[in-house]
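Could you have a look at this structure, given as structure tokens, before my questions?
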2 protein chains.
Amino acid sequence: MEVSVGVSNRHVHLSCEDYKILFKDMKLEVRNMLKQPEQFASTLTVDIEANGKVIKGLRVLGPNRDYTQVEISRTDSYKLGIEPPVRKSGDLLGAAKIKIIGPYAEIEREACIIANRHIHVNEEIRKEKGLLGVNKVKVKIRGEKPGLIENVYLKDSEKAYFEIHLDTDDANAFLLKNNDKVEIIL
Amino acid sequence: MEVSVGVSNRHVHLSCEDYKILFKDMKLEVRNMLKQPEQFASTLTVDIEANGKVIKGLRVLGPNRDYTQVEISRTDSYKLGIEPPVRKSGDLLGAAKIKIIGPYAEIEREACIIANRHIHVNEEIRKEKGLLGVNKVKVKIRGEKPGLIENVYLKDSEKAYFEIHLDTDDANAFLLKNNDKVEIIL
């Protein structure tokens, strides 16, 4: 069974409270819609800092959430000298401390993770694809640097677009780009 | 069968001729020896440039070789806006054009590749490990982001230390560090 690839570059989700601290009354406007329904890349960015090292221009995704979360790659984490854990979105247990720098303020939060490999599904997609009751899968990748990635978790939301999200380390290791097809192995 | 991991960050090998253009009579001195016998990281670095984008501080490895070669990751290649092919060391067919900037000169060469996944062996290691006649293997990786990488080529040299060389994309995708152990699957 094939699924198309979405490559997630480093980005942030903000709680409404943190958004107001960083951006005051600036509007969270859509730059472009993402494939996941109602999710979008906004016109805004923040910088992040740890141990005096800065990575600039992380896209703020919308809409705002109940929690603030910074998603980076292992490669990014070496630049910052931190060790964020691999976590599913919203699970910030043991997340690394990071400074988030906006136009009006800087905030420090234990909010930095490496997102786990995941595939977006909902009940309808699970039924259609034979994925009812499945927690995680393996995914086979073809091409010049082929292989198999494991611990790819299914992530449920009410509205979903069937897509595997990989961070830039996973995507670049396997020479994958947005909309490439990979194969799910149950 | 286990093999230990060596992570290759971006680096350059220089021909004697190109070395002289870039560094004139500066000496190629050892900063630290590498695990491959007689190979070393020198005290020298160069910058590389393509499409007006620069990556600074690539380590010059020694001793100098018969050819000039720049090895980068897919992640690096996006920064530079180039598409280097995946190649074994020394095979520069279709290598991407890159400017190499030293203290005395800049040179432009079709010399930039993404190194293939490879394991260093020699005749003695092949005999000891049961790898006689084997061209490529798969390698299994455990941990929190596990999986299997394929197209891992055996690379023969007279003197060799038994080690898998992975670029930073492969290593970071699987959370691997220097001296971690991974498993060869024939």
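The values are calculated or read from the model by the stated rules, or taken from the named source; none is laboratory data. This one's a predicted model, so the numbers in the text were calculated from it and none came from an experiment. Every residue, glycine among them, receives a Cβ derived from its backbone with ideal geometry; neighbour counts consider all protein chains shown.
Which residue out of B:I48, B:I72 is closer than 20 Å to B:D167 by Cα, in contact (Cβ under 8 Å) with a residue 60 or more places away in the chain, touching a Pro at 6+ places or on another chain (Cβ under 9 Å) and not small (G, A, S)?
Result: B:I72 is the single residue among B:I48, B:I72 that is closer than 20 Å to B:D167 by Cα, in contact (Cβ under 8 Å) with a residue 60 or more places away in the chain, touching a Pro at 6+ places or on another chain (Cβ under 9 Å) and not small (G, A, S).
Something else now. Pick from the stretch B:114-139 the residues that are among the basic types (K, R) and within 14 Å of B:D156 (Cα to Cα): which of them is surrounded by the fewest Cβ atoms within 10 Å (Cβ to Cβ)?
Once the filter is applied, the top-ranked residue is B:K127.
Taking interchain pairs and intrachain pairs at least six residues apart, which have beta carbon atoms under 8 angstrom, with the first residue in the stretch B:100-126 and away from chain A (no Cβ under 14 Å) and over 21 Å from B:G81 (Cα atoms) and the second part of a strand (DSSP E or B) and aromatic (F, W, Y)?
Every condition considered, the pairs that remain are B:I119/B:Y153.
Taking into account only those residues within the stretch A:146-180 that are part of a strand (DSSP E or B) and in contact with a Ser or Thr (Cβ under 6 Å, 6 or more places away or on another chain), which is farthest from B:G143 (Cα to Cα)?
A:E163
Looking at this structure, is B:G52 more than 14 Å from every other protein chain (Cβ to nearest Cβ), surrounded by fewer than 17 Cβ atoms within 10 Å (Cβ to Cβ) and within 30 Å of B:K129 (Cα to Cα)?
Considered against the rule, which asks whether it is more than 14 Å from every other protein chain (Cβ to nearest Cβ), surrounded by fewer than 17 Cβ atoms within 10 Å (Cβ to Cβ) and within 30 Å of B:K129 (Cα to Cα), B:G52 comes out as no.
Out of the stretch B:78-130, which residues are touching a Cys at 6+ places or on another chain (Cβ under 8 Å) and either within 30 Å of B:E183 (Cβ to Cβ) or part of a loop (DSSP other than H, G, I, E, B) (or both)?
B:I82, B:P84, B:A95
Does A:G81 count as within 27 Å of B:K79 (Cβ to Cβ) and either without any contact (Cβ under 8 Å) to a residue 12 or more places away in the chain or touching a Ser or Thr at 6+ places or on another chain (Cβ under 8 Å) (or both)?
Here the answer is no, as A:G81 does not meet what is asked.
Out of curiosity, is A:E144 at the interface with chain B (Cβ under 10 Å from one of its Cβ atoms) and touching a Leu at 6+ places or on another chain (Cβ under 9 Å)?
Here the answer is yes, as A:E144 does meet what is asked.
Turning to a different aspect of this structure: Take the residues of the stretch B:60-77 that are part of a helix (DSSP H, G or I) and of a type in the set (D, E, K, R): which is farthest from the other protein chains (Cβ to nearest Cβ)?
Checked the stretch B:60-77; the qualifying residue farthest from the other protein chains (Cβ to nearest Cβ) is B:D76.
Mind listing whichever residues of the stretch B:78-99 are within 14 Å of the chain's Cα centre (by Cα), of a type outside the set (D, E) and within 14 Å of chain A (Cβ to nearest Cβ)?
Hits for the stretch B:78-99 are B:P84, B:P85, B:V86, B:R87, B:K88.
Given the criterion in the same structural domain as A:L28 (by TED's automatic domain parsing), of a type in the set (K, R) and more than 19 Å from B:R74 (Cβ to Cβ), identify the matching residue among A:K129, A:K155, A:K159, A:K99.
A:K99
Right, next: Which of (1) crowded, with 16+ Cβ neighbours inside 10 Å; (2) in contact (Cβ under 8 Å) with a residue 24 or more places away in the chain; (3) touching a Lys or Arg at 6+ places or on another chain (Cβ under 7 Å); (4) hydroxyl-bearing (S, T, Y) is the odd one out, the single condition B:S4 does not satisfy?
(1)
So that you can scan it fast, the table gives a plain yes or no per residue for (1) over 23 Å from A:R65 (Cβ atoms); (2) surrounded by fewer than 20 Cβ atoms within 10 Å (Cβ to Cβ):
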{"residue": "A:G143", "(1), (2)": "yes, yes"}
{"residue": "A:P146", "(1), (2)": "yes, yes"}
{"residue": "A:I149", "(1), (2)": "yes, no"}
{"residue": "A:V152", "(1), (2)": "no, no"}
{"residue": "A:S157", "(1), (2)": "no, yes"}
{"residue": "A:A173", "(1), (2)": "yes, no"}
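Give me a count of the residues in the stretch B:147-183 that are in contact with a helix residue (DSSP H, G or I) (Cβ under 9 Å, 6 or more places away or on another chain) and either within 14 Å of chain A (Cβ to nearest Cβ) or without any contact (Cβ under 8 Å) to a residue 40 or more places away in the chain (or both).
Selection size over the stretch B:147-183: 19.
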